[in-house]
Each structure stands twice: as C-alpha cells, then as structure tokens.
Amino acid sequence: QRDLVARLQQDQQYFQRLARSVWRVQEDERRRLSRDLHDGIGQSLTAILRLLSQAIDTVHDAPQDAQVSLEKTRAIALQTFADTRALSRLLRPQILDELGLEAALRWLARSVGETHALEIRVDVQEPPPQLDGERNTLIFRLAQEALTNAARHAQARSVEIALSHDDERVHLRIRDDGRGCDMAHALAKGTDGHSSGIGGMRDRVRLFNGEFEMQSRPGAGCSIACTFPLRTSGDGTLS
C-alpha cells in the first residue's frame, strides 16, 4: 500500500508539472503574439498615422510633399496588411483546416524558408496518415516550433521534415544542420520552467501518449523524433 501511495503521489506530481508546462507554452505564445503586435503592427500603424498627419498639414501649401507622404503611407499600410495576414495564419492557418496537414506543412516550410533564408525540405509518406484535428494541430505546432528554433537559435541553413506512419503510429522527424545544443541543459530548462521550446514540444507529445527523442550536441545540428498513436480508442483513451 505504501508503494502504491508513493506511485500515486509521483504520478500526481508528474501531471502537475505537465499541466504547468502546457500553461507555460500557452503563456509564451501569448507573449510572442503581444510582442509581434507591439513591435510590428503597432509601430507600423503609428508611422501611418504620423505620415497621414503630415500629408493633411501640407496638402494645401505643398501638395507634392503631401503626395510623397501618402505614397509612403500606402507602402507601410500594404506591409502591415501582409504582416497581419502572416500573423493570423501562424496563429491558426486556415490551410490546415481546409487543405490538410501536408499542404499546411509545405506552406509553413515555404513561409519560414523565405523569411529566414532557410532551405527546408518536406517529405510526407504517401498516402498521408489519416489523423484527427488534434493530431494534425499537434504535428503542425511541433514543426512550427522546431523551425523557429532552427531559424532563430540554431542558425541553421537547412532543415528536413519527414512524416511517416505505420498501422498504429505516426512518426515525425525533424533534422537541422545548426549549431546544436546541450540536450540535457535544453530539456532541463523546459522542466524547471525557464524555457518552453524543447520542453514544451516534449510535453505536448506526452499529452498524446507519445514518445519524444532528441539528439544534438554543440556544433553538430539537432534531430528530433516524435512518435504517437494514430487514433483514439473507442473509450476516449489513446490507443
């Protein structure tokens, strides 16, 4: 009985840590969105208002100066519109719901590759795995986080994303040629709450009864492998 109580306490502590980790992931995503809105769209709108005020003040006395201000305003407005659309797609890309996971992964690779000058190859087994909406979202978010890490932190030049499956499980593998990292240090930071990148990916996979493996060392790139069940069993549990 003591052993059983100890195991139950350990399980309770594990799920508490897991819940906190998921909460940190959500808060970090909100923080990132807030920063992007403030630094990108907020500053652009401020510039638009300033240029419009200049144009209004000079439209009668210096129409040519007003025209220049309006042309600058139009350019900034177009860029702000493009940034807003990109941010909206990253929050919840409609292509994931409308065209499916493979199309969403290829769009993500193209978008991130163009933005960060990355060469990204996507290899999806034919036919693609038949997944529910939650697993489609999970794979997309894992790939999104891995590409963000590769572009912003690992300083990678190329990334490979491979998605395959068998009769029972789906396999996602992501490799980059970046500067790598100390795996124990990266995963420990995710566990103790100082970072939710790699640790958040691991915990998301565990929520789906999956397995998360990472191989990396300084100067040797990074390889991430995620495996989890294809579907949920009839009683609502993961099979």
Exercise. Among the residues of the range 69-96 satisfying the criterion of being open to solvent by less than 70 Å² (accessible area, probe 1.4 Å) and free of Cβ contacts under 8 Å to residues at least 24 places away in the same chain, which is nearest to the chain's Cα centre (by Cα)?
Worked result: 88
Exercise. Can you tell me which of 123, 166 is at pLDDT 90 or above, in contact with a strand residue (DSSP E or B) (Cβ under 6 Å, 6 or more places away or on another chain) and open to solvent by 30 Å² or more (accessible area, probe 1.4 Å)?
Worked result: 123
Exercise. Given 145, 160, which one is open to solvent by 30 Å² or more (accessible area, probe 1.4 Å) and assigned to a helix (DSSP H, G or I)?
Worked result: 145
Exercise. How many residues does the range 106-155 hold that are of a type in the set (A, V, I, L, M) and at positive phi?
Worked result: 1
For this session: Could you tell me whether residue 24 is among the basic types (Lys, Arg) and either touching a helix residue (DSSP H, G or I) at 6+ places or on another chain (Cβ under 9 Å) or modelled with pLDDT under 80 (or both)?
Result: yes
Exercise. Within the range 173-194, is there a residue that is touching a Leu at 6+ places or on another chain (Cβ under 6 Å) and either farther than 14 Å from residue 105 by Cα or at pLDDT 95 or above (or both)?
Worked result: no
Exercise. Which one of these does residue 61 not meet: (1) farther than 30 Å from residue 222 by Cα; (2) part of a helix (DSSP H, G or I); (3) open to solvent by 50 Å² or more (accessible area, probe 1.4 Å)?
Worked result: (2)
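Table: residues versus (1) at pLDDT below 80; (2) within 30 Å of residue 32 (Cβ to Cβ); (3) out of contact with any helix residue (DSSP H, G or I) (no Cβ under 7 Å at 6 or more places or on another chain).
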position: 54; (1), (2), (3): no, no, no
position: 59; (1), (2), (3): yes, no, no
position: 64; (1), (2), (3): no, no, yes
position: 67; (1), (2), (3): no, no, yes
position: 70; (1), (2), (3): no, no, no
position: 73; (1), (2), (3): no, yes, no
position: 76; (1), (2), (3): no, yes, no
position: 83; (1), (2), (3): yes, yes, no
Seminar exercise, completed: Taking the range 195-239 and keeping residues touching a Gly at 6+ places or on another chain (Cβ under 8 Å), surrounded by 15 or more Cβ atoms within 10 Å (Cβ to Cβ) and modelled with pLDDT under 85 leaves 196, 197, 198, 199, 200, 203
Exercise. Of the residues that sit in the range 6-16 and are of a type outside the set (Phe, Trp, Tyr) and modelled with pLDDT of 70 or more, which one is least open to solvent (accessible area, probe 1.4 Å)?
Worked result: 6
Seminar exercise, completed: residue 96 meets each of (1) modelled with pLDDT of 80 or more; (2) of a type in the set (A, V, I, L, M, F, W, C); (3) more than 30 Å from residue 142 (Cα to Cα) with one exception, condition (3)
Exercise. Looking at residue 117, is it open to solvent by 40 Å² or more (accessible area, probe 1.4 Å) and closer than 25 Å to residue 181 by Cα?
Worked result: yes
For this session: Please indicate, with yes or no, whether at least one residue in the range 105-119 is at pLDDT 85 or above, over 24 Å from residue 136 (Cα atoms) and either of a type outside the set (Gly, Ala, Ser) or outside any helix (DSSP H, G or I) (or both).
Result: yes
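The values are calculated or read from the model by the stated rules, or taken from the named source; none is laboratory data. What you are looking at is a predicted structure, and each value in this text was computed from that prediction instead of being measured. Because the Cβ atoms are built from the backbone with ideal geometry, glycine has one as well, and the counts that use them run over all protein chains shown. The protein model used for the area step is the full one, side chains on, heavy atoms only, and it has no ligands, DNA or RNA in it. Shrake-Rupley method; radii C 1.70, N 1.55, O 1.52, S 1.80 Å.
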